[in-house]
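Okay, so here's the structure we're looking at.
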Amino acid sequence: MKPRPCGCKGCRTCLICETQYGASALKPAINLDKEKGYVYCPLCNKAWPGWDINLYKDHPNHQGTPIEYSGVYIQLDFISKDEENELMKNIDEVPWDISQSGRRKQNFGPKTNFKKKKIVPGKFDGFPAFSKYLQDRFLSVPLLEGYEVIEQCSLEYDPDKGASIDPHIDDCWIWGERIVTVNCLSDSVLTMTPYKGDSKKFNLYCAEEYPPVVMSDGSINSDLVTNGCSMLDVCKPAKDMDVIVRLPMPRRSLMVLYGEPRYHWEHCVLREDIMARRVCIAYREFTPPYMNNGAHEDIGLEIRNRGKQFWNHYERYKEVEISP
């Protein structure tokens with residue numbers, strides 16, 4: 001099915017195509033039982049019963065019985081208010097592309113074909129210099145030891161367009177274990193649901209072919225030693241949980257997903273959780289086969305080297321009319 005004028009296609013819809021192009025019938029219902037909800041607290045690293053994301057602010061006076069939910073790291077106030085203002089000013093000076101489900105995006109990275117599992121550098125030549133300090137600051141996070149950015153994507157969620165993103169797992173053939181997000185302009189929520197579907201979807205089976213980066217004790221497997229265990233083996237849930245976990249993404253915070261929630265849970269952003277304009281900057285690293293000594297080390301090294309370049313966006317887009 002061809003994209004509609006708003007950028008949506010297939011079962012992806014927004015308020016514009018639902019109201020103006022009759023696409024409301026295409027949108028699959030996402031029925032979540034809020035009684036199964038737990039809210040993750042980044043201050044005690046436990047998930048507590050409830051649905052309202054502001055429950056984490058009750059720390060340390062939580063109520064109910066918590067569950068353990070490993071594989072999440074949230075750093076509050078990763079950037080300052082002044083840094084956020086300057087960052088957003090620069091981001092809005094870069095042209096936006098329309099995306100699906102009411103979103104806009106700015107994508108910097110190699111050209112990928114997830115179905116054919118092919119990747120080429122394409123026109124990728126690094127990232128805008130105004131964002132370099134964010135990557136530099138990753139070095140202060142022990143969990144991000146050795147993290148090499150090979151894709152950076154700004155995603156805008158607009159409540160007036162009914163912006164959202166459906167439940168999914170980020171591709172496991174090419175995007176590595178640690179999924180990094182810096183959240184700007186407004187608080188948001190990542191809603192996590194257990195995935196029990198086909199391992200071919202999202203190329204999830206590929207994670208059976210490479211080792212973990214983050215070990216079960218939180219240490220970094222910098223040499224990518226397998227020890228006979230695949231990524232999926234190491235982070236396999238100890239028990240099935242019929243729950244929904246809500247992860248707070250406070251304004252100006254950093255989130256890292258890894259391990260179990262990265263590979264065994266789908267994540268989504270619900271329309272109801274977008275109350276004001278939100279922009280997140282999402283980062284991806286390579287899977288081990290594209291790192292040193294991997295089967296695809298050569299193409300991986302070329303793209304990783306390109307990812308170490310930074311350019312001036314004023315020079316690149318000075319002839320382009322920017323729309324806010």
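The values are calculated or read from the model by the stated rules, or taken from the named source; none is laboratory data. Just so you know, these numbers come straight off a predicted model, no measurement behind them. As a convention, Cβ positions derive from the backbone with ideal geometry for all residues, glycine included, and neighbour counts pool all protein chains shown.
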I'd like to check something: does segment 131-150 contain any residue that is assigned by TED's automatic domain parsing to the domain that holds VAL72 and assigned to a strand (DSSP E or B)? no
Pairs needed: first member in segment 10-21, free of Cβ contacts under 8 Å to residues at least 40 places away in the same chain; second member anywhere, of a type in the set (A, V, I, L, M) and not in a helix (DSSP H, G or I); C-beta distance under 7 Å; at least 6 residues apart or different chains. GLY10/MET1; CYS17/ALA23
LYS2 passes all but one of (1) in a loop (DSSP other than H, G, I, E, B); (2) modelled with pLDDT of 95 or more; which number fails? (2)
Just to be sure, is ILE244 over 17 Å from the mean Cα position of the chain (by Cα) and not polar (S, T, N, Q)? yes
Tally up the residues in segment 96-113 that are modelled with pLDDT of 95 or more and part of a loop (DSSP other than H, G, I, E, B), please. 3
What's the total number of residues in segment 297-321 that are in a loop (DSSP other than H, G, I, E, B) and without any contact (Cβ under 8 Å) to a residue 40 or more places away in the chain? 3
Filter segment 199-236 down to residues that are under 17 Å from ILE169 (Cβ atoms), touching a residue at least 40 places away in the same chain (Cβ under 8 Å) and of a type outside the set (A, V, I, L, M) and give me whichever is surrounded by the fewest Cβ atoms within 10 Å (Cβ to Cβ). GLU209
Within 15 Å of the chain's Cα centre (by Cα), at negative phi and either outside the structural domain of ILE79 (by TED's automatic domain parsing) or buried (at least 22 other Cβ atoms within 10 Å of the Cβ) (or both): does that describe MET255? yes
Determine which member of the set THR181, THR226, THR191 is of a type in the set (Val, Ile, Thr), assigned to a loop (DSSP other than H, G, I, E, B) and either in the same structural domain as ALA276 (by TED's automatic domain parsing) or farther than 19 Å from ILE74 by Cβ (or both). THR226
Being under 30 Å from LYS308 (Cβ atoms), of a type in the set (S, T, N, Q) and more than 18 Å from the chain's Cα centre (by Cα) is the filter here, so list the residues in segment 52-101 that pass it. SER80, ASN85, ASN90
Residues of segment 92-134 being among the β-branched types (Val, Ile, Thr) and under 20 Å from ILE79 (Cβ atoms), in sequence order, are VAL94
Here are some conditions: (1) part of a helix (DSSP H, G or I); (2) aliphatic (A, V, I, L, M); (3) modelled with pLDDT under 85. ALA29 meets all but one. Which one does it not meet? (1)
How many of the residues in segment 102-124 are farther than 22 Å from PRO288 by Cα and more than 16 Å from the chain's Cα centre (by Cα)? 2
